[in-house]
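As structure tokens, the structure follows; a few thoughts come after it.
Read-outs: derived from the displayed coordinates by stated rules, not from any lab. Values in this document were obtained by computation on a predicted structure and should not be read as measured data. Here the Cβ is made from the backbone with ideal geometry for all residues, glycine too, and neighbour counts use every protein chain on show.
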Amino acid sequence: MTDWTTAQVQDRLESAADVFRALPGVKPQGHFNAWPEYVHSFADKVGQQPRMRRPLPGPRQITEAEEALLWLRWLERDDARIVWLRAERTPWKPICWEMGLSRTAATKRWQFGLAVITWRLHGRLPPARRSQRFVIENANSLSRTIVL
């Protein structure tokens with residue numbers, strides 16, 4: 001993809017959070033269960049609902065998720081935390097409590113973080129002398145000419 005929008009960046013970050021959530025947990029080395037595996041007979045399984053498991057993410061999904069996670073390096077620490085918490089679909093109230101911000105300030109920082117990532121994916125640095133509002137408003141029109 002060459003023309004990125006903030007919505008596409010948000011979707012990629014949300015899919016990255018889903019991929020990392022679906023991966024099996026990391027266990028310490030030497031952690032095992034000494035009990036033998038219980039083999040269920042047919043009579044045990046009668047009347048039970050089958051356990052459906054989601055398939056593990058494929059290599060391409062993991063690679064895209066790792067790439068999306070690296071995008072957070074372009075942001076300030078707090079902005080990256082807000083963007084990642086929203087990608088994990090965390091409600092705004094816990095985010096505001098954790099960051100010590102109002103809802104509008106947290107939303108603005110989240111939009112600014114997505115805009116900065118979009119600018120960087122287009123190979124451009126957001127202008128330092130312009131306002132956050134300018135960066136957010138022009139993030140989706142980077143393929144067109146922007147008058148700085």
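What longest range of the chain stays clear of loop-exposed trypsin sites (Lys or Arg not before Pro) (DSSP non-H/G/I/E/B, at most 10 other C-beta within 10 angstrom)?
The reported range is 1-50.
Between residue 88 and residue 33, with labels modelled 7 Å along Cα→Cβ, what's the label distance in nm to one decimal, could you check?
Label-label distance for residue 88 and residue 33, simple model: 2.6 nm.
Mind checking which aspartates and glutamates have their Cα closer than 18 Å to the Cα of residue 93? Skip sequence neighbours fewer than 8 apart in that chain.
By straight Cα distance, residue 93 reaches 78, 79.
List the extent of the Cα atoms of the stretch 24-94 along each of their three principal axes, largest first, rounded to whole Å.
That gives 57, 32, 28 Å along the principal axes, largest extent first.
Test of understanding: express the Cα radius of gyration of the stretch 1-46 as a ratio to 2.2 N^0.38 Å, with N the residue count.
2.20
How big is the charge dipole of the chain about its Cα centre, in debye rounded to the nearest 20, if each Lys and Arg gets +1 on its Cβ and each Asp and Glu gets -1 on its Cβ?
Dipole size: approximately 400 debye.
Between 78, 18, 44, where does the largest GNM mean-square fluctuation fall for the chain, given springs only between Cα atoms within less than 10 Å?
Looking only at 78, 18, 44, the largest GNM fluctuation is found for 44.
Do any chymotrypsin sites (Phe, Trp or Tyr not before Pro) in the stretch 17-123 lie in a DSSP loop with no more than 13 other beta carbon atoms within 10 Å, and if so, which?
For chymotrypsin sites (Phe, Trp or Tyr not before Pro) across the stretch 17-123 that sit outside H, G, I, E and B with at most 13 neighbouring Cβ atoms in 10 Å, the list reads 32, 38.
Tell me the angle of helix 103-121 to the major Cα principal axis of the chain, expressed in degrees between 0 and 90 and rounded to the nearest ten.
Tilt relative to the chain: about 80 degrees.
When the chain is fully extended, how far beyond the present Cα-Cα distance does residue 108 get from residue 60, taking 0.36 nm per residue of separation?
Here the segment from residue 108 to residue 60 would lengthen by 14.1 nm.
Just round it to a whole percent: the fraction of Cα-Cα distances in the chain exceeding 27 Å.
Roughly 41 percent, rounded to a whole number.
For the stretch 89-148, take every pair of Cα atoms, bin their distances at 5 Å starting from 0, and report each bin as a whole percent.
Going from the shortest bin to the longest, the percentages are 4, 19, 26, 19, 13, 12, 6, 2.
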